[in-house]
1. For the structure I just gave you, tell me whether Glu96 is touching a strand residue (DSSP E or B) at 6+ places or on another chain (Cβ under 7 Å), of a type in the set (D, E, K, R) and surrounded by 19 or more Cβ atoms within 10 Å (Cβ to Cβ).
2. Can you tell me which residue is surrounded by the most Cβ atoms within 10 Å (Cβ to Cβ) among those in the range 33-56 that are charged (D, E, K, R) and modelled with pLDDT under 80?
3. What about Gly139, is it among the small types (Gly, Ala, Ser) and touching a helix residue (DSSP H, G or I) at 6+ places or on another chain (Cβ under 7 Å)?
4. What about Leu162, is it of a type in the set (A, V, I, L, M), under 20 Å from the mean Cα position of the chain (by Cα), closer than 12 Å to Tyr31 by Cα and buried (at least 17 other Cβ atoms within 10 Å of the Cβ)?
5. For the range 135-169, give me the residue count where each residue is over 18 Å from Asn112 (Cβ atoms) and free of Cβ contacts under 8 Å to residues at least 60 places away in the same chain.
6. Does any residue of the range 127-149 turn out to be among the β-branched types (Val, Ile, Thr) and loosely packed, with under 15 Cβ neighbours inside 10 Å?
7. Considering only the range 179-191, state which residues are surrounded by 12 or more Cβ atoms within 10 Å (Cβ to Cβ) and within 20 Å of the chain's Cα centre (by Cα).
Amino acid sequence: MTLKIGMKQKSFSVPANLLRQWCYCPRVVYYIELTDIVANYPLWVKQGENFHQLEEKLWQRRNLSRFKLKDGKKFYNLAIRDSLYGFHGVVDMAIETHEFVYPIEFKLSASNKKRGDIMQLTAYAMLLENYFSKPSQYGFLVGAGKLLHTIEISTDRRQKVLQIVDAIRRMLTRGVKPDSNASIFQCCACEYINFCNDRL
C-alpha cells in the first residue's frame with residue numbers, strides 16, 4: 001500500500017477532528033480556526049459529550065465480544081501526533097490485540113454512517129498504526145444502545161484522508177474562506193449560518 005503524502009505535509013499538524021467538520025462544510029473549519037467567533041452550540045453537542053463520557057465508563061467493565069474480539073487491551077482518550085502524516089488527534093478508544101489495532105469512536109449520531117465520521121475514524125486508524133506498529137484494517141463507530149458500525153480502513157479512504165488534510169492545510173495557509181457545498185438542511189443546523197452572507 002502506497003499513500004501519496006503532500007510536499008507540505010509536515011509544515012504544521014492538522015487536528016484530525018477537523019476532517020469531520022470539513023466534510024460537513026469547509027467553512028466550519030475556517031470559522032473555527034481563523035476567526036474569533038464564539039459559536040452557540042446546539043443542545044445535541046452537549047448530549048454528544050455526555051454520551052462519550054458514559055460510554056467510556058461502561059466500556060471499562062465490558063468485554064470485547066461486541067466487536068467480535070476474544071481479547072485485547074483497551075486505551076481511552078489516546079492522544080497521538082504523527083509527523084509523517086502531519087495530523088494529530090485524540091482517539092476515544094483503541095483496542096490493541098496481538099496482531100491488530102482498532103480505533104473506536106463514540107458517536108451519539110451514529111445511526112447514520114456519515115462521511116465525516118468515517119474520515120475521522122480512518123485518520124485515527126492511521127495514527128494508531130504508527131503508534132503501535134501494527135496494522136489497522138477495521139474501526140468501529142459506536143452509537144446509542146447496541147448500535148455498532150464496522151468500518152473498513154481501505155486504501156481509498158486513507159488516501160482521501162490525506163487529500164482532505166492537504167486541503168485543510170492549504171485553506172488555513174491562504175486564509176481564504178472556502179466555498180460551501182452544504183445543503184439547506186446542513187446550513188439550518190449550523191451554528192455559523194449567520195456569518196455566511198451568501199447562504200440562505
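The values are calculated or read from the model by the stated rules, or taken from the named source; none is laboratory data. If you're wondering where the values come from, they're calculated on a predicted model, not measured in any experiment. Counting neighbours? That spans all protein chains shown, and the Cβs are built from the backbone with ideal geometry, glycine included.
1. no
2. The qualifying residue surrounded by the most Cβ atoms within 10 Å (Cβ to Cβ) is Glu55.
3. Yes: the conditions hold for Gly139.
4. no
5. The total comes to 9.
6. Scanning the range 127-149, I find no residue that is among the β-branched types (Val, Ile, Thr) and loosely packed, with under 15 Cβ neighbours inside 10 Å, so the answer is no.
7. Ser180, Ala182, Gln186, Ala189, Cys190, Glu191
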